[in-house]
Amino acid sequence: MIEIIKADITTLAVDAIVNAANRSLLGGGGVDGAIHRAAGPLLLQFCKTLDGCRTGEAKISPGFKLPARRVIHTVGPVWRGGDHYEAKLLRASYINSFELALENGVRSIAFPSISAGVYGYPKQAAARIALSVMRDYEDRFERIIACCFSAEAADLYRQLLDAGR
Ligand code: ADP
């Protein structure tokens, strides 16, 4: 089932939360910074052993002090006008996160809106891609949560989800 909620993703007690990270995996701003702050310094220590992550790919770590058991770190594309494979790469971020989740027995997973913050991906287009991949994986998870940080983002996701059914 796909659930749309407005929340701080660091508060969710699920099998895995997804981090919209950067290629270094060594922390950053936005949701990445919030996840590192809430997980504590052992997360950074662990991430240093992961050797970074390419755009569209995903890596997994424990959740450390988070209520979530795992963190799946993925790197979405920076929006550069739309002609630089951004849609393909954003899709790949969701798909590779879901595949890594399945390999690790994850049954409940929460996603932020990858690339829709500092990376500048247009919010509606990003949400459409998120929901389209979520629908493809819906049957293989108990819970798929689209975790929106604002009421506006949650409204947008709800409209798109309702329209797609
Ligand atoms: P990116 O660099 O991939 O664009 P950002 O962290 O800048 O990543 O933003 C991705 C999305 O995560 C944005 O929609 C932003 O509002 C949201 N966000 C920021 N902090 C949190 C949080 N604590 N929980 C959930 N979503 C968050």
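The values are calculated or read from the model by the stated rules, or taken from the named source; none is laboratory data. In this text the structure is predicted, and so the values were computed from the model without any measurement. Positions of Cβ are backbone-derived with ideal geometry, glycine not excepted, and every protein chain shown enters the neighbour counts.
See the values below:
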| item | result |
| --- | --- |
| Single residue of 135, 91, 158, 165 found to be modelled with pLDDT under 95 and basic (Lys, Arg) | 165 |
| Tally, over the stretch 87-123, of residues that are among the polar types (S, T, N, Q) and at positive phi | 1 |
| Residue that is surrounded by the most Cβ atoms within 10 Å (Cβ to Cβ), among those in the stretch 64-122 that are away from the ligand (no atom under 14 Å from the Cβ) and among the small types (Gly, Ala, Ser) | 101 |
| Options 99, 142, 103: the member that is closer than 17 Å to residue 55 by Cβ and either at pLDDT 95 or above or touching a helix residue (DSSP H, G or I) at 6+ places or on another chain (Cβ under 6 Å) (or both) | 99 |
| Residue 56 vs. criteria over 14 Å from the mean Cα position of the chain (by Cα) and of a type outside the set (A, V, I, L, M, F, W, C) | no |
